[in-house]
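Report on one structure; see the data block that follows.
The values are calculated or read from the model by the stated rules, or taken from the named source; none is laboratory data. From a predicted model like this one, the values you see are computed outputs, not experimental measurements. Reconstructed Cβ throughout: ideal geometry from the backbone, glycine too, with neighbour counts over all protein chains shown. With ligands, DNA and RNA removed, areas are computed over all heavy atoms of the protein, side chains included. Shrake-Rupley method; radii C 1.70, N 1.55, O 1.52, S 1.80 Å.
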Amino acid sequence: MGQQTIGKYRWTICALLFFATTVNYLDRQVLSLLAPDLSKEFGWTNTDYANITAVFQFVYAISMLLAGRFIDKIGTKKAYLIAIAVWSVGAIMHAYSIMLGEGMVSALTSLGIAAIPVSVAGFMISRAVLAIGEAGNFPAAIKATAEYFPKHERSFATGIFNSGANIGAILAPLTVPLIAAQWGWQAAFIIIGAIGFVWMIFWNMFYDKPEQQKYLSAAELAYINNGDAPIQETIASPDDAGKKVSWLKLLSYKQTWAFVIGKFMTDGVWWFFLFWLPKYLEAQYKMQKTEIVVPLAVLYSMTMIGSIGGGWFPSYFMRRGDSAYNGRMKAMLVIALFPLVVLLAQPFGYLGFWVPVLLIGIGTSAHQAWSANIFTTVSDMFPKKSVASIVGIGGMAGGLGGVLVSKTGGWLFDYYGQLGHIQTGYTIMFTFCAVAYLLAWGMMKTLVPTHKEITDL
């Protein structure tokens, strides 16, 4: 049956998920791009900045756990609308961080609690609200993908919408420094933050459950539900649809822990590069403001290759007879080798900033390829009704891993910076970023050696 006969509306949904993820990453990256200037304006140390980013990651982690359950309970459409509304408000709140910080510090002082700097407190509040909303993006997007795509297309669809993270990461350095230079840093947060409200209009217009979707043909609905497995394996019965699966039950499966460990070990790598690369270019190469625009745009453009190519890659093994999960794990092993080039970033950094930028670009591209696949392992092994909850549990683990990486980085950069050897701090962090994926793959493979789908939920 050809694509014209089947229909292609599911790719419209994929496009909506792509744009939501683009907005998601635009909003979260504004701070990192302005961090060098804000650090000077407010006198932040690397530890202060690490604390601000760690608040985002910690709240994001906890919210991911709750977001998955929330999405499974109220449905993808409503949950996504709520999530993007909250994170857009949180993004705009950054512009008013000083006012928020003054209120928080005043409250802490009245309670006899040692106050933190006003600017740090204000940005912590804003990052916390941003994190609560942004935590809903990936559980909702993965659930929507499971609803609208048969298994053999899911990693490719995930790779496409996940590439929105790369587009957001590319657009941010092209726009944020220019907006800040023209109208001030507050305007950058307000303008970028307001974009999410535009997306909400289109999501409300074009998304419904496949069974209720007026734009979806009967042939395409049948293809989605029966694309590569018997229909009873891909559709939950009406009796099952409303059942609530406990977290303890989900945590009893090795498949859950494989996903959790994979996210814990690798999410922090991506966030480290996302939040710290502008400060790295400033610290090691004295690059200021708009000077970082082109290097970061090039680096994140490279990640597009990993995101889309990584989503397609497992199909090579599937065509050779592997199950979806086993094909994905073979692809992930190959992908895990590429970040090892990051080990060369510091030794060859004396050749100029383009060497580490390109090597880190290969590493971040590999991360996006890894991410497109690790997300899809959930829908390979778990029924649709529990997908968002599992993604939420893994997202929490990834967020906690990110907190650990960010706090460690901040401490290392301040410690070695005082000694005049900040390069050593970055060498240590880059080493972890290089080997994290192989370590994660080894633990995942040990827990789940071969494909085993959960059928008793």
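Descriptive notes on the structure:
- Qualifying helices (runs of 4 or more DSSP H) (wholly inside the stretch 51-146; at least 2 residues being within 18 Å of the chain's Cα centre (by Cα) and buried (at least 24 other Cβ atoms within 10 Å of the Cβ)): 76-93, 118-134
- Selection within the stretch 211-224 - buried (at least 17 other Cβ atoms within 10 Å of the Cβ) and either in a helix (DSSP H, G or I) or free of Cβ contacts under 8 Å to residues at least 60 places away in the same chain (or both): GLU220, LEU221, TYR223, ILE224
- Cβ-Cβ under 9 Å pairs, at least 6 apart or on other chains, the stretch 413-437 side closer than 23 Å to LYS263 by Cα and free of Cβ contacts under 8 Å to residues at least 60 places away in the same chain, far side surrounded by 15 or more Cβ atoms within 10 Å (Cβ to Cβ) and of a type in the set (Ser, Thr, Tyr): ILE428/THR408; ILE428/TYR416
One line per residue, one yes/no per condition, for (1) on the phi < 0 side of the Ramachandran plot; (2) assigned to a helix (DSSP H, G or I); (3) surrounded by fewer than 19 Cβ atoms within 10 Å (Cβ to Cβ):
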{"residue": "GLY361", "(1), (2), (3)": "yes, yes, no"}
{"residue": "THR364", "(1), (2), (3)": "yes, yes, no"}
{"residue": "HIS367", "(1), (2), (3)": "yes, yes, no"}
{"residue": "ALA372", "(1), (2), (3)": "yes, yes, no"}
{"residue": "GLY398", "(1), (2), (3)": "yes, yes, no"}
{"residue": "ASP414", "(1), (2), (3)": "yes, yes, yes"}
{"residue": "GLY425", "(1), (2), (3)": "yes, yes, no"}
{"residue": "TRP441", "(1), (2), (3)": "yes, yes, no"}
{"residue": "HIS451", "(1), (2), (3)": "yes, no, yes"}
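- Meets criteria (more than 23 Å from ASP414 (Cβ to Cβ) and modelled with pLDDT of 85 or more) for TRP257: yes
- Test: residue in the stretch 285-293 that is free of Cβ contacts under 8 Å to residues at least 24 places away in the same chain and open to solvent by 30 Å² or more (accessible area, probe 1.4 Å): yes
- Every condition in (1) more than 19 Å from ASN162 (Cβ to Cβ); (2) in contact with a Ser or Thr (Cβ under 9 Å, 6 or more places away or on another chain) holds for GLN368 except the one numbered (1).
- Residue tally, condition in a helix (DSSP H, G or I) and open to solvent by 40 Å² or more (accessible area, probe 1.4 Å), over the stretch 342-354: 5
- Residues in the stretch 16-24 include none that are open to solvent by 50 Å² or more (accessible area, probe 1.4 Å) and over 23 Å from the mean Cα position of the chain (by Cα).
- Test: residue in the stretch 299-322 that is over 21 Å from the mean Cα position of the chain (by Cα), of a type in the set (Gly, Ala, Ser) and modelled with pLDDT under 85: yes
- Residues in the stretch 109-130 that are touching a residue at least 12 places away in the same chain (Cβ under 8 Å) and not β-branched (Val, Ile, Thr): PRO117, SER119, ALA121, GLY122, PHE123, MET124, SER126, ARG127, ALA128, LEU130.
- Residue within the stretch 310-319 that is open to solvent by 50 Å² or more (accessible area, probe 1.4 Å), assigned to a helix (DSSP H, G or I), closer than 30 Å to SER32 by Cα and in contact with a Ser or Thr (Cβ under 8 Å, 6 or more places away or on another chain) present: no
- Filter result (closer than 23 Å to ASN51 by Cβ and either more than 24 Å from the chain's Cα centre (by Cα) or of a type in the set (Val, Ile, Thr) (or both)) within the stretch 428-438: ILE428
- Selection over the stretch 148-169 of residues that are open to solvent by 20 Å² or more (accessible area, probe 1.4 Å) and either of a type in the set (A, V, I, L, M, F, W, C) or touching a Pro at 6+ places or on another chain (Cβ under 6 Å) (or both) gives a count of 3.
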